[in-house]
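Engineer: Have a look at this one before I ask anything.
Quick note: the coordinates plus some simple rules give every number you see, no bench work behind them. Being a predicted model, the structure only gives us computed values, none of them experimental. All Cβ positions, even for glycine, are placed from backbone atoms using ideal geometry, and neighbour counts span all protein chains on display.
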Amino acid sequence: MITGIHHVSMKCETPEAFARAKAFYLSVLGLSVRREWPEGILIDTGCGLIEIFCNGPGIESKGAVRHFALATDDVDGMAERIRAAGYEVFIEPNDLLIPSDPPVHARMAFCRGPLGEEIELFREDA
């Protein structure tokens, strides 16, 4: 039985790229370290993990996984923190109605992280 997503994994090649990614997720987004080892880190999002390896070339192009979404109660504040840290917010915070059954009201924004990853900031409204 599947109980949830354990982690999303990314890879980078240089210590500089690893340091940028680590600083982005820990300092800019305010997440915490679950585990760390010489060539990798597991970062706790509160409901899953982000794993980053620094042991070979990463791929900075869109593949089968288009983006990952991080839940937040403050889409606008997080987008501003990301922009202030020098990262691109390429879809500004906005409200949307997902025409599902039942409909979902949400607020979202998209940014690009230090390894080229696309990150959705997402708040589902009750």
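Engineer: Length gain on complete extension for the stretch E88 to D76, per 0.36 nm per residue less the alpha carbon to alpha carbon distance? Intermediate results must be reported in sequence, preceding the final value.
Structural biologist: On the way: separation 12, 0.36 × 12 = 4.32 nm, distance 1.38 nm.
Length gained, E88 through D76: 2.9 nm.
Engineer: Once you have the alpha carbon radius of gyration of region 7-125, what is it after dividing by 2.2 N^0.38 Å, with N set to its residue count? Display every interim value, and only then the final one.
Structural biologist: Working: Rg = 14.7 Å, N = 119, 2.2 N^0.38 = 13.5 Å.
Relative to the 2.2 N^0.38 Å estimate, region 7-125 comes out at 1.09.
Engineer: How high is the relative contact order of the chain, in percent, counting Cα pairs under 8 Å that sit 6 or more residues apart?
Structural biologist: Details: 231 pairs, mean separation 29.6, N = 126.
23 percent.
Engineer: With +1 on the Cβ of every Lys and Arg and -1 on the Cβ of every Asp and Glu, and nothing else charged, how large is the dipole of the chain about its Cα centre, in debye rounded to the nearest 20?
Structural biologist: Details: 12 positive and 20 negative charges, 65 e Å.
Dipole of the chain, to the nearest 20 debye: 320 debye.
Engineer: Using only Cα atoms, tell me the angle between helix 75-84 and the longest principal axis of the chain; keep it within 0 to 90° and round to the nearest 10.
Structural biologist: For helix 75-84, the angle is close to 40 degrees.
Engineer: Working out 0.36 nm times the residue gap between R34 and H6, then minus their Cα-Cα distance, what length gain in nm do you get to one decimal?
Structural biologist: Values: separation 28, 0.36 × 28 = 10.08 nm, distance 1.23 nm.
Length gained, R34 through H6: 8.9 nm.
Engineer: Among A69, A79, A109, which one shows the biggest mean-square fluctuation in a GNM of the chain, springs joining Cα atoms closer than 10 Å?
Structural biologist: Most flexible of the set in this elastic network: A69.
Engineer: Rank the residues L31, L26, L121, L97 as a footprinting-exposure proxy: fewest other Cβ atoms within 10 Å of their Cβ go first. It would help to have the intermediate numbers written out before the result.
Structural biologist: Values: L31 17, L26 14, L121 24, L97 10.
With the fewest neighbours first, L31, L26, L121, L97 line up as L97, L26, L31, L121.
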